[in-house]
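Reading through the structure tokens given below for one structure.
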Amino acid sequence: MTAQFAPAPAGARWVVDTWHRLECLIAVAAFGFIALVLIIDVAGRELLTPVYRVFDLKGSPGVFAAQKMCVYALVIGSFCGVGVATATGSHLLPRIGFGWVPKEFGPTMDRIADLVTGLFFIGVAWFGWVYVSSSMQAGLRMQAFDMPIWPIQLAIPLGFLSASIRYFFFAAWPALRPLPPEFQE
């Protein structure tokens, strides 16, 4: 598949690998945060509610705005997942158009497809940025925290931008491209 092309420069491999580790770290931190907050929230409500009733305490024994915090973390983790899926070749791949071009043109078509996909994701990232900038201009705030929402929303265009840049790397150096899932096993 990529055997016809020269290997990627060591610097490019290091950038892609380090970038992938960083995205995985952010995604795992976001989903770990969700799990921790929800466990503490549910445990707090289930275990401390009787104590609150006995002592007639006011308020909620759970974590304040746990669901909202988890939704915000979900946005960050999910859009990091776009880059993670691209880096590992684990995203959905429609099989339409496969076999339309002779096999000897496959590696060239893969490069063209990576370039087109990168351009597509740049467009999606642009619309994501338009969404974020409109939130900034409108001064939208997070519910329950009274903080600007745009830093959380910034994960949307950054996730798509990450995928687009990675596709440009794949087009430039096909050796960086992950193997399709059917070849990974």
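The values are calculated or read from the model by the stated rules, or taken from the named source; none is laboratory data. For clarity, every value in this text was computed on a predicted model and none was experimentally measured. All Cβ positions, glycine included, derive from the backbone under ideal geometry; neighbour counts span all protein chains shown.
Only one entry in 101, 116, 132 is assigned to a helix (DSSP H, G or I) and loosely packed, with under 15 Cβ neighbours inside 10 Å, namely 116. Across the stretch 135-159, the number of residues qualifying as in contact (Cβ under 8 Å) with a residue 12 or more places away in the chain and not in a loop (DSSP other than H, G, I, E, B) comes to 11.
Residues are listed down the side, and each one gets a yes or a no for (1) under 17 Å from the mean Cα position of the chain (by Cα); (2) under 20 Å from residue 163 (Cβ atoms); (3) modelled with pLDDT of 85 or more:
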{"position": "48", "(1), (2), (3)": "no, no, yes"}
{"position": "56", "(1), (2), (3)": "no, no, no"}
{"position": "64", "(1), (2), (3)": "no, no, yes"}
{"position": "67", "(1), (2), (3)": "no, no, yes"}
{"position": "71", "(1), (2), (3)": "yes, no, yes"}
{"position": "75", "(1), (2), (3)": "yes, yes, yes"}
{"position": "83", "(1), (2), (3)": "yes, yes, yes"}
{"position": "90", "(1), (2), (3)": "yes, yes, yes"}
{"position": "98", "(1), (2), (3)": "no, no, no"}
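The residues of the stretch 40-68 that are in contact with a helix residue (DSSP H, G or I) (Cβ under 6 Å, 6 or more places away or on another chain) and closer than 30 Å to residue 159 by Cα, listed by number, are 41, 63, 66. For first residues located in the stretch 70-89 and assigned to a helix (DSSP H, G or I) and β-branched (Val, Ile, Thr), partners that are surrounded by fewer than 21 Cβ atoms within 10 Å (Cβ to Cβ) and modelled with pLDDT under 95 and lie 6+ apart or on another chain with Cβ distances below 6 Å form the pairs 88/178.
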